[in-house]
Each structure stands twice: as structure tokens, then as C-alpha cells.
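Working notes, beginning with the structure itself.
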Amino acid sequence: TQYGFALKRLGAILIVGNALAEAENCYRTALKMDDAAVAAAPGDTSLRLNRTFTLSDLALILNNKKDLQGSAALYEDVLQTRRAALAADPGNARYVSLTASTSVKLAGVYAFLKRYREAIVLGHEAVRLRDRRAALASGYAERRDAADARVRLALVILDAADDPAFRAASVERRLDAEELLRQAGPTVPNPQPNQVLSPADEQLRANFQNARHRLDRIFQNF
């Protein structure tokens, strides 16, 4: 167990250093250990969930290597396991957060693959789950995550609406994106001069400004 944990920690450092092939080797070795542990105790939910963290990091590596199909397949595995854990324990705040996080990540990969319908469905799932998480513990981090899910879904909708091959592209879709941004707006950080935001806050603010700018351009043309 400790060796597997050490491999994942090393793999995480290698990801940061963009040594993706070495990172993948670490995680593939750790995954074999996780698979063996799950096979030895198939009813152990904690072991199954531990395996999802390995898969999720592997999916990130494949995404960074531009293997989007491979990344999507791993995130699908993660989502199936986390949904099952949540279904068995609906009030578990950790399971809600983990499932929502995977929905967001898989939606992003689907959007890059132009699987917009599936990406939008997952985006809505993430919004519902993060709202549910915020209802369980309504702190700033939970409200920010709920806003983040809305902004990311708005960006997927805008990507879909910009793609001529996607038949659902319409003014109504863009209005959906505008409503999502309206809901997220009050939580988006508006920093004072020289104020340093956390990486999560900065990402939310940047995504919101990007989506807002794209929408403003669209509606100026109508």
C-alpha cells in the first residue's frame, strides 16, 4: 500500500514537471496494485474509491498527452464507480464532491471531442451535485465550486453553439449560457488592486470573463 502511494506521489511530481511518460509508468504500476487489492476484496468501497484517484490522475496524463479518447475512457470508469458509491450513500458529502468533480472533468474532455450533447448533460449533473454539496455545507468553497460548474457548463454550451456541425446550436442555447453566468456572477471574485487570488478563484474569474466576453460578442451581432 505504501509503495503504491509513493508511486502516485512521485507520479504527481512528474506531472508537474511535464515528464508525462515517466508519470504514466508510475501510475500504471500503482494501478496494477490497486486492481489486485480490489480483486482481493471486491466488496470494499474504500479500495474501489482509492482506485478512482489513480485512474483520474492517469486520465489527466492522457489528456495532457492529447490522447482524449483514452482520457475519456478512464474518466468514464471513475464516474461509474463514484456514482455507485454515491447511490449507496446519498448523504455522503465526499461522494457528492468526488462525483461532481469527475462530471466536470469528463464534460471537458467530451467537449474537446465534440461530444457536446454528452458534455452538456454531464455539465448539468455537475451543477446539480455541487448545489447539493453547497446545501450540505454552505461555505465559500462550496459556493465557488457551484459557480465554477455553471461557468464551465456555459463555456461548453458556447463551444457547441459555435460548432456548425452541432444541430442544437441556437439562440436558446446561448440564453442558457447567459442564465448560468447570471447565477454564477455573485460568487465570482472581484479582487482589489494588488490582491492575490487563490488558483481556484483565479481560474473561476478567468473562465467567467472569457464566457462573458464571448456572450457579449454574440449578442452584439443580433
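Every condition in (1) modelled with pLDDT of 95 or more; (2) more than 20 Å from residue 185 (Cα to Cα) holds for residue 136 except the one numbered (1).
The number of residues in the stretch 172-222 that are surrounded by fewer than 17 Cβ atoms within 10 Å (Cβ to Cβ), of a type in the set (A, V, I, L, M) and more than 17 Å from residue 126 (Cα to Cα) comes to 5. Condition check for residue 84 on (1) open to solvent by 50 Å² or more (accessible area, probe 1.4 Å); (2) assigned to a helix (DSSP H, G or I); (3) closer than 23 Å to residue 112 by Cα: one failure, at (3). Within the stretch 7-26, residues that are in a helix (DSSP H, G or I) have Cβ atoms under 6 Å from residues that are of a type in the set (Val, Ile, Thr) in these pairs: 7/29; 20/61; 23/15; 23/61; 24/61, counting only partners at least 6 apart in sequence or on another chain. Here is the figure for the stretch 102-117: residues that are open to solvent by 30 Å² or more (accessible area, probe 1.4 Å) and either within 22 Å of residue 31 (Cα to Cα) or in contact with a Ser or Thr (Cβ under 6 Å, 6 or more places away or on another chain) (or both) total 1.
The values are calculated or read from the model by the stated rules, or taken from the named source; none is laboratory data. Keep in mind the model is a prediction, meaning the values are calculated, not measured. All Cβ positions, even for glycine, are placed from backbone atoms using ideal geometry, and neighbour counts span all protein chains on display. Just so you know, the surface numbers come from the protein's heavy atoms only, side chains and all, with ligands and any DNA or RNA stripped out. Shrake-Rupley method; radii C 1.70, N 1.55, O 1.52, S 1.80 Å.
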